[in-house]
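Visitor: My structure is below; once you've seen it, I'll send some questions.
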Amino acid sequence: MTSRLSAFASSLFLSLLAGCGGGGGGGAIDPVATPTPYPPAPAVANPDPLKDAALVSGRLVGTAVQSSYLGQSQYGDTYVKHFNYVTAEWEMKWDPIQKQRGVFNFTGGDAIVDHANARGIAVKGHALVWHGATPDWVNGLSSEELRTEVGYHIRTVAKHFKGRVIAWDVVNEAVDDNGRDLRNSVFLQKLGPGYIAEAFQIAHEADPGAILIYNDYSGEGRGGKSDRIYQLVKELKDSGVPIHGVGLQAHFDGASYPSQADITWNMQRLAELGLLVNVSELDVRVKSITTDRWDRQKRAYKDLTAACMAVSRCHAITLWGFTDKYSWIDSAFGADDPLPFDESYQAKPAFFGMQEAFLGR
């Protein structure tokens, strides 16, 4: 990547790593527009670029996208204007890339990466190993076959995008919701808990220059799951595994989410391991809120951004989509408005909550 912004992103990652010695995401969802069952948010057309505020703070601000929407003028123009970091919402996961064993389809991922690279937008790959996006044929493999195929998939994909992405979510959502155990996925069942370390090592060998990240949800504040995530990444780090960062998804309900203080505390303890921290899949649901809905959504976005601002090694915040028109939340939870831009691509109060926090206001 030769653009100034891509160079900035790479240098940001490297400088942060040096400083200490050292989704989830949804699937390919095409939501059907559903009337919002409550008054819409107040919105503003043509606000200043969000990425300008993020760059003032030395951070990246990103979004997940799907390639099929990039040709839509409002979608593409809004994305390019406001974001300097991007993640493929679905098209770089195992199932869409290798639905048939040994047959790789990089069409969607290439479209997203090429579009971003041409516009100076840095790219994070997502995700090399995730139980929620494994093709059906994976489940029928023997333990020996699965180990071979995991390695083959990671090497092939990481090498294909080498030099065009600056980071990878290597393993996604490997911790169980009970906060004690690893998730009982096909990978744990057939490969044992060592599969996580193996995946990071293979990814590093395939692309030594990429920042390698563990990504999970419900681990943003204090609690059993965040403790288990911390334990997992600490063990990996202490064992010399090439892990460089942790992604905290932050799929929040605006009615109840971790406090800014608890998120900051958790980010800081991860940073003290010598790891980067990023908010990786942010959205804030509001359907359950009956009063002050938009003020409370704005507060959630501002609190989360402010927590990142308080931790020097929190380098990026990525939204899981940016317009309510195409949020996966509608398909998963019912009609909602979880993102900072409404269905007409106008900025909601949540947008300004992030902007204010990036600018320290």
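The values are calculated or read from the model by the stated rules, or taken from the named source; none is laboratory data. Computed from a predicted model, the values in this text were never measured in an experiment. Here Cβ is always computed from backbone atoms with ideal geometry, including for glycine, and neighbour counts include all displayed protein chains.
Visitor: Looking only at the stretch 60-94, how many residues end up being out of contact with any Pro (no Cβ under 8 Å at 6 or more places or on another chain) and crowded, with 18+ Cβ neighbours inside 10 Å?
Guide: Here the count works out to 22.
Visitor: If you don't mind, another one. Quick one: count up the residues across the stretch 246-281 that are under 19 Å from the mean Cα position of the chain (by Cα), buried (at least 18 other Cβ atoms within 10 Å of the Cβ), under 22 Å from Gly224 (Cβ atoms) and of a type outside the set (S, T, N, Q).
Guide: Matching residues across the stretch 246-281 total 16.
Visitor: Looking at the stretch 100-118, I want the residues that are among the basic types (Lys, Arg) and have a partner that is surrounded by 13 or more Cβ atoms within 10 Å (Cβ to Cβ) with Cβ atoms under 6 Å, at least 6 apart or on another chain. Which pairs are those?
Guide: Arg101/Trp137
Visitor: Given the conditions (1) surrounded by fewer than 21 Cβ atoms within 10 Å (Cβ to Cβ); (2) aliphatic (A, V, I, L, M); (3) under 28 Å from Tyr69 (Cβ atoms); (4) within 21 Å of the chain's Cα centre (by Cα), which single one is not true for Ala335?
Guide: Only one criterion in (1) surrounded by fewer than 21 Cβ atoms within 10 Å (Cβ to Cβ); (2) aliphatic (A, V, I, L, M); (3) under 28 Å from Tyr69 (Cβ atoms); (4) within 21 Å of the chain's Cα centre (by Cα) is unmet by Ala335, namely (4).
Visitor: Here's a follow-up. Go through the stretch 188-241 residue by residue and tally those that are assigned to a helix (DSSP H, G or I), over 14 Å from Leu270 (Cβ atoms) and either at pLDDT below 95 or not β-branched (Val, Ile, Thr) (or both).
Guide: Number satisfying all stated conditions: 15.
Visitor: Might you let me know whether the stretch 45-56 holds any residue that is of a type in the set (A, V, I, L, M, F, W, C), at pLDDT 95 or above and either in contact with a Cys (Cβ under 9 Å, 6 or more places away or on another chain) or within 24 Å of Asp216 (Cβ to Cβ) (or both)?
Guide: yes
Visitor: Quickly run through the stretch 48-59 and pick out the residues that are crowded, with 21+ Cβ neighbours inside 10 Å and charged (D, E, K, R).
Guide: Lys51, Arg59
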